[in-house]
Structure formats: C-alpha cells, structure tokens
Amino acid sequence: MDNSTHKILVVDDDYDARRILCTILEGEGFEPYEATNVEEAIEILENNEIDLVLLDIRLGSESGFELCRKIRLNDSLYGIPIIAISVSQNEEDIVTAIESGASDFLSKPISHAILIAKIKAILRLRAEAERLKESQQALLRLIRETNQQKELLSKEADFSRELNRFLDADSKKDFIRKSFSSFLGARLFSIFIYHEDSNRFRLFVTNHPDLEEGLEIEPEKNSIMYDAFTNKKVIYVENFSKSKYKKLGSDKYETDVVCAVPLLSGDYLIGILTVNDPNYGEINGYDFEGRIIRIAGHLGVSLHNTILFEKVKDLSMRDPMTGLYNFRHFLETLRFEVERAKRYEESLSCIMIDIDNFKSINDRYGHQIGDEVLKELARSIVISVRASDIPARYGGDEFIILLPKTSKTLAMRLAKRLMDLFSDKPIRIPHDDLVVKVTLSIGIASVPEDTLDVDELVKKADNALYEAKNRGKNRIVAYGET
C-alpha cells in the first residue's frame, strides 16, 4: 500500500503528543494534518480529503466522543475511519468511543508498530470497501442498462410484429406514419423505395411536412442518401451542416443529427430510411444508432414482402393483354367512388369506348393483329388519362374509364383528346409490315346528372356508346344528348 497517498488527521490538544504522532506518520510516508479541538478538526475534514482520524478522546474541556458523533452525522464525512486514543483503559470509555463511531481504540502509551499496523489494516479495509461499493454500483448500472436493453428489444420485437401484420401498402403506411416517429425517438423520418427501372427513389411514407406523396428523386452524388445507397452502409452524422454532404432546408431542423440507413432484404436493396431531429434524450441515452439499424433490418424485409404482395395484387387486378385494370377491379373501385361522390356531392363520370369494325380487323388480318390494335388503344388510353383515373378493359374490344371528381364537360374533353390521339391513327405492325387504321365510338354518363346508381351509371354509358354507333360511329355521345 502506497502510504504517501493517504492523509491522516491527528486531533490532540497536547502539542508534544501531536508532534510525536505526526513524526511517526511522516516516517511511514503518510501526510499528517493537526487539530487541537473539535472545531479545527471539522474545518480540516471539510476542506481536505482525509483518509483517517487519530483522536484523543480527552480534548481539554471538549470531548473526542462529540467529534466522533459529528463525523458520523455528517453525510460528507461519514465513512472516514477513526482510531480513538486515550490514557484511560476504562472499559466504559472504550465502549462509548466505539458506540460514538470510532473504528478502533488504542491506549497510551502507544506502541508505534501496533499503531501503524492498525492504520494500514483499517485503510486497507476501507479501500476494499470502496472497491466493493464501486463494484456494486457498476453491477447496478449494468443491471439497469440490461433491463433497459431488454425493454427496448421487447419494444422492437412488438413493433416488428405489429409492422408485419400489415401486408398491403396503405395499411403499412398508416401504421408507420402513426407509430414510427415516437418509436424511433426522432421528430422526422422518410422512407424511400428504390425503383431499378427508373433508377429513382419514390417516397413510400414520411411525416415530413415538406415532402409530397408520390415524390420521386434521383440519387444525388453529394447526398447522404446516395452514399448510404451505393455503399450499402449506415451513415450517421451528428453535425450535418459541417459535413461533406449537401444540406438542404437546414432551417427546418431543430438538431443537426441525420441518419441514413439502407433498407435491405438479404442482399437486395429495397430503399433508404432517413431520420432527422432525434430527441436529445435519445441521442445521449443508449444505443440510438443501434436501434435505427436494428429496426431498419426488420423494415427492409417487411417492405420487400409488401412490394411482392402489391405486385401479385396488381397482377390480379390487371388484364394480362393490355395491362389495364380488369373489369372486376373497376367495379370494386366504381362502387367506392360513387358512394364518395354522393357523400361529398361531387361529380363523377364514366366513359365507354369501343373500336369500330373490330371484327373485320380480326377477320382480315387475324387475331394477333387485332391484339396489337387492342394494346395500342390501351397505350393511348394510359397517355390520355390522369393518375387518379381508373382505365379498364371491359371485355373484347370495349374499354371503360372511371373519372373521379369529373363533370360531364371535363369527361368530354378527355374523350376528345383520346379521339384525336387514336382515331384514324396509322397503327404500324412491325413484324408483319402492316399499317392499320381504326376509329372509336365513345359514350359518356355522369353522376349526379344521369344517375346515382352504380349499375345504372355503367348501363347509361353503354347506352350512350350504342347511340354513338347508331349515329355512324367515330364519334362521342354523352347520355341524354338529343
């Protein structure tokens, strides 16, 4: 034991006794301090890190017992060992000294060897007690952190389980939008899905007020998303404005912390998760970055399942030849949109389309050429309609388009655009070196002008189409026109 690191306070009103003890302590390498009374002793104890007190229990008019009690009642001094010294070998004095807080008792005259042995033993015990206390505190911290980690992992498991309950995209978006921010402990987040065909990121879900639904962006080489994407690594930046990445909209963020995580399913890149403005408590707490990385792993697999599900669902709703929606899906959407139009008193229109003299095309050129004509019409319809419209194949050479929030006048404009794009347009059949020209007949019916009934709407659009045929084909007729 290195005695030079230990400070010992000698409390005795006898100068000679103090000097003898201090000389002994200095000879053993201790650093002695001196006090003649209780008041001086308390002041030294409060201003110095004293390791042990040698105390004469007879301090003139004062009592060493009183100093023992004051030390034991002082929270900052409690724990400093005391060796009481007295000329008296009275059993009552020894008991009183121990009860007042003394760790040991020595009678004068003092054996120097015994004094030093006792001091060293007491200091060694105190050091061991301190180490034990530190070990206990470390163990308690470890238990606390372990419990926190277990609780966090349990929450992550619950979140992942709940996330995987939703297979379709809309339900999953709603769940993430409502739960993700508070779960992560961050104010803003965005999830982008990567589309290989366009080499662009399309926004899947966000709670960022400045990002619009359906947003598509190209990976910029100076962006944090590009780095995370191309290297398939987590980018965690605590001082984003001073980092190498381009900063956009910095005034909108409350903190300068940004994290971008690639969303992977195996080795397959699904997209990117970006997190902004984590709570300070979460940053300075435990494993914030690790939490994002772990949940991103679950998120990547879950989103991959949703993408596959949506592809299968989309295939089940599509006509295999034209790629337009099939009539079953059209009817499901039609019922929903008609009810919404009635509830909010909105317009809704339905367009029926038929290729004029299509049978003669099949008879003259064969069904393969007829199929090419149908596909070309489907492409023209897709070019003509808006993102909110529902184009479908009705059957054979007939097509139907649902136009939500669209009056009959606006529906007529869209129909004319389609007529201008397709009617009498030369359709070149490359592998047969043919050019085919066809015309269209179109009928239109609307809610609420013509009906509020789903079946009636389709029937009246069909009646208008039939009227267009009767009037000589290659024309547009709205239901109710005379």
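The values are calculated or read from the model by the stated rules, or taken from the named source; none is laboratory data. Since the structure is predicted, the reported quantities are computational estimates derived from the model, not experimental observations. Here Cβ is always computed from backbone atoms with ideal geometry, including for glycine, and neighbour counts include all displayed protein chains. With ligands, DNA and RNA removed, areas are computed over all heavy atoms of the protein, side chains included. Shrake-Rupley method; radii C 1.70, N 1.55, O 1.52, S 1.80 Å.
Miscellaneous remarks
- Selection count where residues are in contact with a helix residue (DSSP H, G or I) (Cβ under 8 Å, 6 or more places away or on another chain) and buried (at least 21 other Cβ atoms within 10 Å of the Cβ), scope the stretch 398-413: 6
- The set of residues from the stretch 317-351 being free of Cβ contacts under 8 Å to residues at least 12 places away in the same chain and farther than 25 Å from Thr409 by Cβ comprises Arg318, Pro320, Arg328, Glu332.
Conditions (1) open to solvent by less than 50 Å² (accessible area, probe 1.4 Å); (2) in contact with a His (Cβ under 9 Å, 6 or more places away or on another chain), marked per residue:
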residue: Ile71; (1), (2): yes, no
residue: Asn90; (1), (2): no, no
residue: Leu123; (1), (2): yes, yes
residue: Leu132; (1), (2): no, no
residue: Arg141; (1), (2): no, no
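- Just one residue in the set Arg165, Arg131 is modelled with pLDDT of 85 or more, at negative phi and assigned to a loop (DSSP other than H, G, I, E, B); that residue is Arg165.
- Looking at Ser441, Ser423, just one residue is in contact with a helix residue (DSSP H, G or I) (Cβ under 9 Å, 6 or more places away or on another chain) and either within 23 Å of Leu331 (Cα to Cα) or in contact (Cβ under 8 Å) with a residue 24 or more places away in the chain (or both), and that residue is Ser441.
- Here Arg187, Arg202 are screened, and the one residue that is in contact with a strand residue (DSSP E or B) (Cβ under 9 Å, 6 or more places away or on another chain), open to solvent by 30 Å² or more (accessible area, probe 1.4 Å), under 23 Å from Tyr236 (Cβ atoms) and assigned to a strand (DSSP E or B) is Arg187.
To keep it simple, each residue is scored yes or no on (1) open to solvent by 40 Å² or more (accessible area, probe 1.4 Å); (2) under 20 Å from His112 (Cα atoms).
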site	(1), (2)
His6	no, yes
Asp12	no, yes
Glu31	yes, yes
Glu39	yes, no
Leu67	no, no
Ser86	no, yes
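- Candidate set: the stretch 205-248, residues that are farther than 21 Å from Leu299 by Cα and in a helix (DSSP H, G or I); chosen: the one most open to solvent (accessible area, probe 1.4 Å): Lys242
- When the stretch 92-107 is filtered for residues that are charged (D, E, K, R) and open to solvent by 60 Å² or more (accessible area, probe 1.4 Å), the ones remaining, listed by number, are Glu92, Glu99.
- Enumeration of residues in the stretch 325-367 that are among the basic types (Lys, Arg), over 38 Å from the mean Cα position of the chain (by Cα) and surrounded by 13 or more Cβ atoms within 10 Å (Cβ to Cβ): Lys342
- Among residues of the stretch 164-182, those that are in contact with a Lys or Arg (Cβ under 7 Å, 6 or more places away or on another chain) and closer than 20 Å to Gly290 by Cα, counted: 1
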